[in-house]
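Comments concern the structure below.
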Amino acid sequence: MQGMPTTFSSLRTSLHTIALLSSAAAVLGWDEQTYLPSKAAPIRGEMSAALAEHVHSLLTDPELHRLVQDLADQADTMSEQEQAAVRETLRDVERACKLPSDFVRLLSETASEGYAAWLQATQRSDYSIFLPVLTRLVDLKRQEAELYGYENHPYDALLEDYEPGLWTAAVREMFSALKDPLVILLRKIQASPVMAEPTVVQGTFPEARQREFLLMIAQTLGFDLEAGRLDSTQHPFATGFHPTDVRITTHFDERDLTKALLSTIHELGHGMYEQGLPADWYGTPLGEAVSFGVHESQSRLWENQVGRSKAFWQYAYPLLQSRFPSPFATLPFDDFYRAINHVAPGLIRVDADEVTYNLHIILRFELETALLEGTLKTEELPGAWNEKMKQYFGLEVPDDAHGVLQDVHWSSGSFGYFPSYTLGNLYAAQLFAAAENGIPELSTGIARGEFRPLLSWLRENVHRYGRFYKPAELIRHATGSDPDPSFYLAYLQEKYGNLYGF
Ligand code: ZN
């Protein structure tokens, strides 16, 4: 008994060092996407690679492996939290050790090559430029799946990086429960006589004034600006180095302020999750976000269940009208609300609305699992893509830039990432429904600008756990049921039924 706390604390010391280096690497990454002078790109690449290699060597150090294994063997002498921290560390270390360092380097080099080829292919809308390196990447990802090992499907091994414990079969089941109802809902909306005019929100919105408004919203929602910053970038993201240092970014469009606004609320959701992770456990898995899907649930919940809701705008629209009288002073509330919830099938995932978004993801999931299985060849990918776009959206794809080349993920080898987006939507609806049950008058409060009860509920039921639970367990613990697409479908049916009158 006496020796145990010391042993766990020696593990913590090692993990703390690894976390400090990883956080430093993340600062470099944030800087790269916000302020880095263009000439500095090559040396920054070297800095990041050196840190990443050092972190990998520390994580695969046999001494660390032995220490974690020892602790795991004596789990019953530790607190529940310590046991979970050891369980998750052992999982990370064993996983890291399964990939030989030569393989890791080859994968990372091929991913850089893939990104460069993808950029060029996208600019020229020419898939053939991307095809050779994509073929090698798919091949490497299949090898990676073999190295990790899996029971049922090679994609299981890759999903583990994004949604630990979730299997391909479970994703397939959830997505197939979603697909037909979404297509039916979309057809109903398209057949509805109710028309939304999305352009009514356009005007002239100087960046500095948008920024001021966003900072006010950030503070009101509960993002701690003394433990975070808001900066500009081309492709918005959020990143956390520690609960006391969380960076969110946004991209301003001076003609349409709702774009930066809703995208910032999304990133704030990610940011508030990072600020809510337990600082006491920094460095251990209990101080880390549990999965990409749960991370995305936090951003989607604030962006959609809150930021696109009637209640939120009952609070925020008068503020918007007083700060930006043109065009909002004379724009009726209902027109504004309809504009920000306009549904229309489109070719591009990142521009998609709440109803069609998941169809974009289902399409990608079906294609990437087929690539991994080998039932779809990379040469056949654009054709398969275009066929599904026709089938799910009724759209013809004019060129590959608006089709198969639109997303960066595959170019850097991120197979298994896409389901996180839809899982995020599903978890968001399920968590929000549970929060509504747990917080009396949640919507009434939101309409008055009271967001603390919701944030506290998320802190209490999601954020504070870090990786204590596996993602699906966390959802079950927070909501009382397993991850279940019916909450999301019910949310969409009700919201869009009201909006489009059916
Ligand atoms: Zn996100």
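The values are calculated or read from the model by the stated rules, or taken from the named source; none is laboratory data. The structure presented is a predicted model; accordingly, all values stated were derived computationally and were not measured. Methodologically, a virtual Cβ is constructed for each residue, glycine included, from the backbone with ideal geometry; neighbour enumeration extends over all protein chains shown. Only protein heavy atoms, including side chains, enter the accessible area calculation; ligands, DNA and RNA are left aside. Shrake-Rupley method; radii C 1.70, N 1.55, O 1.52, S 1.80 Å.
So here's what we get for this one:
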read-out	value
Estimated distance in nm for a label pair at ASP73 and GLU226, the labels positioned 7 Å out from Cα along Cα-to-Cβ	4.8
Cα-based reach from LYS495 at 12 Å (exclusive), listing aspartates and glutamates while leaving out same-chain residues under 8 positions away	GLU354
Relative contact order of the stretch 110-161, defined on C-alpha pairs under 8 angstrom at six or more residues apart (%)	26
Cut-off 16 Å (backbone N to label point 7 Å along Cα→Cβ of VAL104), residues of the stretch 64-93	64-66, 89-93
Average accessible area per residue (Å²) across the stretch 302-435 - probe 1.4 Å, nucleic acids and ligands excluded	31
Residues in the stretch 405-447 that a label on HIS235 would reach, taking backbone N under 12 Å of a point 7 Å out along Cα→Cβ	406-414
Estimated FRET transfer efficiency when R0 is 60 angstrom, pair SER10-ALA116 (beta carbons, to 0.05)	0.90
Cross-link pairs LYS259/LYS388; LYS141/LYS390; LYS388/LYS470; LYS259/LYS377; LYS188/LYS259 - those with Cα-Cα distance over 31 Å	LYS388/LYS470; LYS259/LYS377
Fully extended contour minus Cα-Cα distance, from CYS97 to MET195, at 0.36 nm per residue	29.7 nm
Difference of contour (0.36 nm per residue) and Cα-Cα distance, ILE184 to ASP139	12.5 nm
The chain: antiparallel DSSP beta bridges as a percent of all, rounded to 5	45
Separation in nanometres of the label points that stand 7 Å from Cα toward Cβ, at SER326 and GLU212	1.7
Sulfur and carbon atoms: percent of accessible area, the stretch 10-75 [1.4 Å]	63
Accessible area expressed per residue, the stretch 236-289, with surrounding protein chains retained (probe 1.4 Å, Å²)	29
Where labels lie 7 Å past Cα in the beta-carbon direction, separation of GLN391 and THR444 in nm	4.8
Contact order relative to length of the chain, as percent, for alpha carbon pairs under 8 angstrom and 6 or more apart	20
Sites GLU173 and ALA279, calculated FRET efficiency, Cβ-Cβ separation with R0 41 Å, nearest 0.05	0.65
With every protein chain in place, the stretch 321-380: carbon and sulfur % of accessible area (1.4 Å)	52
